[in-house]
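Asks: Mind looking over this structure? Questions follow.
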Amino acid sequence: AGLMPGLVWDWFTQIQPDTRREEALTMLGNCSRLYRKEGLDFLLYGRMLKPLHLDVPQRLLELGKQPSLRVPAVTHSVWQAPDGRVAALFFNPERQAHTIRLPDGRSITVPPLDATLIALPEGKNERDR
């Protein structure tokens, strides 16, 4: 969609010098780190697959003068690298960590203002359904 995963519009509309600027810079740095390092094969050279079916906490998205919306507190996407490996990317724009239970039974904790890439076992997750 032309945006890095996790970079959502509310971050940019709410950045002001004295409020969330440092948080936004931290988030952008962490997302960039993921692109440069562990996510490179997936996010730059790979292809996006269907997302997982997850129970994710909700947050309130403030849209200025528009009504607030409930949206996932942690966003995710699933990617396949050219060599066939599959991974899920989780991004948490919140100030607190969130724990997410994966369809294969594992639980992961996504740190605040950070992104996490988790390898998925081939053929054993809900993206194949």
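The values are calculated or read from the model by the stated rules, or taken from the named source; none is laboratory data. What you see is a predicted model, and the numbers here were worked out from it, not measured in a lab. Note that we place each Cβ from the backbone using ideal geometry, even for glycine, and neighbour counts take in every protein chain shown. All accessible areas refer to the heavy atoms of the entire protein, side chains included, with ligands and DNA or RNA removed. Shrake-Rupley method; radii C 1.70, N 1.55, O 1.52, S 1.80 Å.
Asks: Looking at region 57-106 only, could you name the residues that are open to solvent by less than 30 Å² (accessible area, probe 1.4 Å) and outside any strand (DSSP E or B)?
Replies: A73, V74, A81, G84, P93, L102
Asks: Now, a different point. Quick one: in region 39-56, of everything that is open to solvent by less than 50 Å² (accessible area, probe 1.4 Å) and in a loop (DSSP other than H, G, I, E, B), which residue is nearest to E22 (Cα to Cα)?
Replies: Looking only at region 39-56, we keep the residues that are open to solvent by less than 50 Å² (accessible area, probe 1.4 Å), and these are 39, 42-43, 46, 49, 52, 54, 56.
Subsequent filtering for residues that are in a loop (DSSP other than H, G, I, E, B) retains 39, 46, 52, 54, 56.
Numbers: G39: 23, G46: 31, L52: 31, L54: 30, V56: 25 Å.
Only one residue fits best here, namely G39.
Asks: Separate question: Of everything in region 109-124 that's exposed (fewer than 15 other Cβ atoms within 10 Å of the Cβ) and of a type outside the set (G, A, S), which residue is nearest to E23 (Cα to Cα)?
Replies: Once the filter is applied, the top-ranked residue is P111.
Asks: Here's a follow-up. Within region 92-121, how many residues are small (G, A, S) and under 21 Å from L40 (Cα atoms)?
Replies: Result for region 92-121: 2.
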